[in-house]
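Student: Before I ask anything, let me first share the structure, which is written out below as structure tokens.
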Amino acid sequence: MAQVQVKIRELLEEHRLSLRELSRLTDIRHAALSELANGKRQNINFSHIEKIAEALEIEDIREIIDLD
């Protein structure tokens, strides 16, 4: 079965941000972002993806998520 991967680590590196800074920019709990970054979250909240895209000015969702 295909799995959705959220590319938090890559985004942080590319935008030179810390997880805490991304949390502040997106108003998403640090713990939730950490779980996403470490692949420990079973469910992905689409509003989180939207907030990340908006905060980082990303227009192509493929920059945020991958399908494995």
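Student: Add +1 for every Lys or Arg and -1 for every Asp or Glu among the other residues with Cβ under 10 Å from the Cβ of Glu14, and state the total.
Tutor: Summing Lys and Arg as +1 and Asp and Glu as -1 gives 0.
Student: A further question on this structure: To the nearest 20 debye, what is the magnitude of the charge dipole of the chain about its Cα centre, counting +1 on the Cβ of each Lys and Arg and -1 on the Cβ of each Asp and Glu?
Tutor: It comes to approximately 420 debye.
Student: Nearest 0.05, what FRET efficiency do Glu54 and His15 give at R0 = 22 Å with Cβ-Cβ as r?
Tutor: Plugging the Cβ-Cβ distance into 1/(1 + (r/R0)^6) gives 0.95.
Student: Separate question: If each DSSP helix of 4+ residues adds -39,500 (n - 2.57) and the sum is divided by the residues in the chain, what number results at 222 nm, nearest 500 deg cm²/dmol?
Tutor: That calculation yields -13000 deg cm²/dmol at 222 nm.
Student: Once you treat every alpha carbon in the chain as an equal point and sum by Debye, what is log10 I(q)/I(0) at q = 0.18, 0.25, 0.27 Å⁻¹?
Tutor: Here the Debye-derived log intensity ratios amount to -0.59, -1.22, -1.46.
Student: Residues in the range 28-53, backbone N under 17 Å from the label point at Leu67 (7 Å along the Cα-to-beta-carbon vector): list them, ranges by number please.
Tutor: Of the residues in the range 28-53, 44, 46 have backbone N under 17 Å from the label point off Leu67.
Student: Return the long-range amide H neighbours of Ile65 (sequence gap of 5 or more, or a different chain), with a cut-off of under 5 Å between placed amide H atoms.
Tutor: Answer set, sorted by chain and number: Lys7.
No lab work stands behind these numbers, since they all come straight from the coordinates. Treat the numbers as computed from the prediction; the structure is a model and nothing was measured. Note that we place each Cβ from the backbone using ideal geometry, even for glycine, and neighbour counts take in every protein chain shown.
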